[in-house]
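The values are calculated or read from the model by the stated rules, or taken from the named source; none is laboratory data. Predicted, not measured: the structure shown is a model, and the values here were computed from it. Positions of Cβ are generated from backbone atoms using ideal geometry, with glycine treated the same way; all protein chains shown enter the neighbour counts. Areas reflect the complete protein model, heavy atoms only, side chains present, ligands, DNA and RNA absent. Shrake-Rupley method; radii C 1.70, N 1.55, O 1.52, S 1.80 Å.
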Amino acid sequence: MTTDKLMVSVSGVRGRVGEGLTPEVITGFASGFGAWAAARATGGRATIVVGRDSRVSGPMFHRAAIAGLQSVGCDVIDVGVVPTPTVQLAVEFHHAAGGLAITASHNPIEWNALKFIAPSGLFLSAEEGAAMREATSAGIARATWDRLGQVTADPEAVTRHLDAILSLPYLDVEAIRQRRLHVALDCVRGAGSVIMPALLERLGCRVTAINLEPDGRFPHAPEPIAANLADLEALVRTSHADVGFAVDPDVDRLALIDERGRAIGEDYTLALAASVVLQRQKGPVVTNLSTSRIVDDIAAEAGVPVIRAPVGEVHVAIRMRAEGAPVGGEGNGGVIVAGLHLGRDAPAGAALILQLLTDSGGATLSAVTGRWPRYAIVKDKLDRPAGSLDRIYDTLRSAFPGATVDLQDGLRLTWPDSWLHVRPSGTEPIVRVIAEAPTDARARELVARARAPLDAMR
Ligand code: MG
């Protein structure tokens with residue numbers, strides 16, 4: 001069931017507030033999730049962790065979700081306004097039967113969403129999502145008055161999250177503290193303000209911050225891409241900060257601004273953070289098929305392979321677990337540190353970047369970044385044509401006979417210095433076409449050549 005008002009995927013449900021997304025919808029999905037989790041829990045009674053970002057609609061949906069869980073006899077541990085990775089960690093900490101994060105991540109203010117978290121702390125996989133739908137398709141048994149779930153608050157989830165980050169073996173907290181780095185910070189009035197200033201304080205940073213009020217009234221488009229970070233770029237310049245950090249409203253994506261006040265591109269967050277981990281622990285790096293090949297350069301220097309998974313945090317997390325990867329993530333600024341938990345975590349990414357600046361002995365972020373090649377990445381999308389895309393994939397494979405082919409998630413063609421990825425979106429009726437190459441002209445040419453047969457089909 002996906003409409004332009006409500007989008008349902010294996011790991012959650014997302015919609016515009018008051019259009020597709022209503023308290024009834026949230027209660028329905030929360031009670032279905034709770035009933036499924038309880039059926040799998042020992043003794044048939046489940047504890048579910050619930051947290052939310054700072055969106056204006058958050059308190060309403062938070063109450064609706066909790067009511068749904070109570071109605072099927074689930075006990076609730078309420079962690080309040082926290083980052084999504086904090087909810088994931090709290091599920092693991094409490095050995096809960098699952099978790100719900102009420103957040104539309106980087107989507108604009110009119111959106112909200114419910115995301116389902118498995119007992120492992122990972123988002124639900126496709127198999128788990130299908131099993132939940134199957135188990136609840138025939139209806140949900142409600143609890144009688146004497147079996148309703150209880151609600152308790154856990155105000156310590158953020159502190160535990162910070163403690164876990166600061167005890168990562170990749171960080172020398174004392175050395176970072178002695179560097180006294182000056183950080184400019186933009187939390188876009190999201191949940192970042194409950195964790196990022198405290199993290200930076202514990203790492204001895206001087207902080208100049210904007211948008212710390214966690215009221216969900218985003219002062220700019222909340223996706224942390226360069227086009228939305230002009231205020232933070234200016235803040236870095238006027239405050240003479242060493243680095244700028246921008247996070248999205250649920251704090252699983254981190255973007256970097258260098259000391260000259262320039263957004264360095266979200267693909268570099270994962271690459272630079274991974275370089276810090278790989279200096280201290282060797283192992284494969286897992287990322288998705290649409291992430292920049294700068295990750296390959298950094299892995300090659302460390303002498304470790306890059307493994308590519310389908311797009312989506314849970315695909316990367318599951319593959320990291322299977323491969324024993326110490327670090328991975330997505331090119332959108334999502335860093336996953338396996339020693340912490342298998343979820344994208346912006347505060348962990350920020351701590352690793354501060355370690356990088358500490359390791360580089362006074363070098364600026366632009367100098368550190370300048371050691372690596374720059375690539376041009378071009379992202380395009382078009383309405384999904386009717387019919388199977390397999391014919392398009394065959395056409396493109398014939399057109400580029402020398403490329404390495406990957407069919408895990410759409411079609412990805414790879415050459416030594418460039419790649420092209422054509423994939424249908426999992427949440428919208430569109431096809432994404434992404435290419436990366438040493439020059440913008442070459443990347444654009446790849447996108448144009450992939451679009452030609454797609455446009456001809458429409
Ligand atoms: Mg997010």
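If the cut-off is a Cα-Cα distance under 24 Å, which lysines reach LYS381, setting aside same-chain residues fewer than 8 apart in sequence? LYS381 reaches LYS5.
Counting heavy atoms of the protein chains only and a 1.4 Å probe, report the per residue accessible area for the chain as a whole number of Å². Write down the numbers at each step before the final one.
Working: 17530 Å² over 458 residues.
Roughly 38 Å² per residue, with all protein chains present.
If you plug the beta carbon distance of ALA376 and GLN281 into 1/(1 + (r/R0)^6) with R0 = 35 Å, you get a FRET efficiency near 0.65. Note on the chain: helix-only mean residue ellipticity at 222 nm, from DSSP H runs of 4+ residues weighted -39500 (n - 2.57) and normalised by residue number, equals -11500 deg cm²/dmol.
With a simple spin-label model that places each label point 7 Å from the Cα along the Cα-to-Cβ direction, the separation between ASP163 and HIS240 comes to 3.9 nm. The simple Förster model, with R0 at 41 Å and r as the Cβ-Cβ distance, assigns ARG321 and ARG202 a FRET efficiency of 0.90.
The simple spin-label model puts a point 7 Å past each Cα toward its Cβ; for SER388 and ALA226 those points are separated by 4.0 nm.
At q = 0.19, 0.21 Å⁻¹, what is the base-10 log of I(q)/I(0) for the stretch 376-457 according to the Debye formula with one equal point scatterer per Cα and no solvent? Please give it to two decimals. Per q value, in the given order, log10 I(q)/I(0) is -0.76, -0.94. Pairwise Cα separations in the stretch 27-103 fall into 10 Å bins from 0 onward with the following percentages, short to long: 23, 55, 21, 1.
Could you tell me how far the Cα centroid of the stretch 402-457 sits from the Cα centroid of the stretch 166-190, in Å? Answer, in whole Å: 37.
Where a ≥ b ≥ c are the square roots of the eigenvalues of the C-alpha gyration tensor, would you call the stretch 321-386 rounded, which needs a/c under 1.5, or, failing that, prolate if a/b is larger than b/c, or oblate? Mind dumping the intermediate values first?
Numbers: a/c = 2.70, a/b = 1.32, b/c = 2.05.
Since a/c reaches 1.5 but b/c is at least a/b, the shape of the stretch 321-386 is classed as oblate.
For the stretch 160-369, what D do you get in µm² per second when you plug the Kirkwood radius from alpha-carbon pairs into Stokes-Einstein at 25 °C and 0.890 mPa s?
Working: Rh = 16.6 Å.
The estimated diffusion coefficient comes to 148 µm²/s.
What is the percent of Cα-Cα separations in the stretch 2-155 that go past 27 Å? Show your work: numbers first, answer last.
Working: 1478 of 11781 pairs.
The answer is 13 percent, as a whole percent.
Dividing the mean sequence gap of close Cα pairs (under 8 Å, 6+ apart) by how many residues the stretch 160-369 holds gives a relative contact order of 20 percent.
Hey, how much of the P(r) for the chain falls beyond 41 Å, as a percent of Cα pairs?
Values: 16782 of 104653 pairs.
Across the chain, Cα pairs with separations above 41 Å total 16 percent.
Considering only the other residues whose Cβ falls under 10 Å of the Cβ of GLY349, what net charge follows from Lys and Arg at +1 and Asp and Glu at -1? Display every interim value, and only then the final one.
Values: positive: ARG253, ARG344; negative: ASP252, ASP345.
Here the count lands on 0.
Relative contact order of the chain, please, whole-number percent, based on alpha carbon pairs below 8 angstrom and at least 6 residues apart.
Numbers: 1036 pairs, mean separation 54.4, N = 458.
The normalised contact order for the chain reaches 12 percent.
Within the stretch 261-298, the trypsin sites (Lys or Arg not before Pro) that combine a DSSP coil assignment with at most 15 other C-beta atoms in a 10 angstrom radius are LYS282.
Judged by the mean number of other Cβ atoms found within 10 Å, the most tightly packed of the peptides 82-94, 152-164 leads the ranking 82-94, 152-164.
Place a +1 charge on the Cβ of each Lys and Arg in the stretch 84-237 and a -1 charge on the Cβ of each Asp and Glu, then give the dipole magnitude about the Cα centre in debye, rounded to the nearest 20. All intermediate terms of the calculation are to be shown ahead of the outcome.
Numbers: 13 positive and 18 negative charges, 48 e Å.
Dipole size: approximately 240 debye.
What full-extension length gain, to one decimal in nm, is calculated for HIS95 and SER137 as 0.36 nm per residue of separation minus the Cα-Cα distance?
Working: separation 42, 0.36 × 42 = 15.12 nm, distance 2.67 nm.
Roughly 12.4 nm would be gained on extension.
Relative contact order, whole percent, for the stretch 158-275 stands at 25, derived from Cα pairs under 8 Å and 6 or more residues apart.
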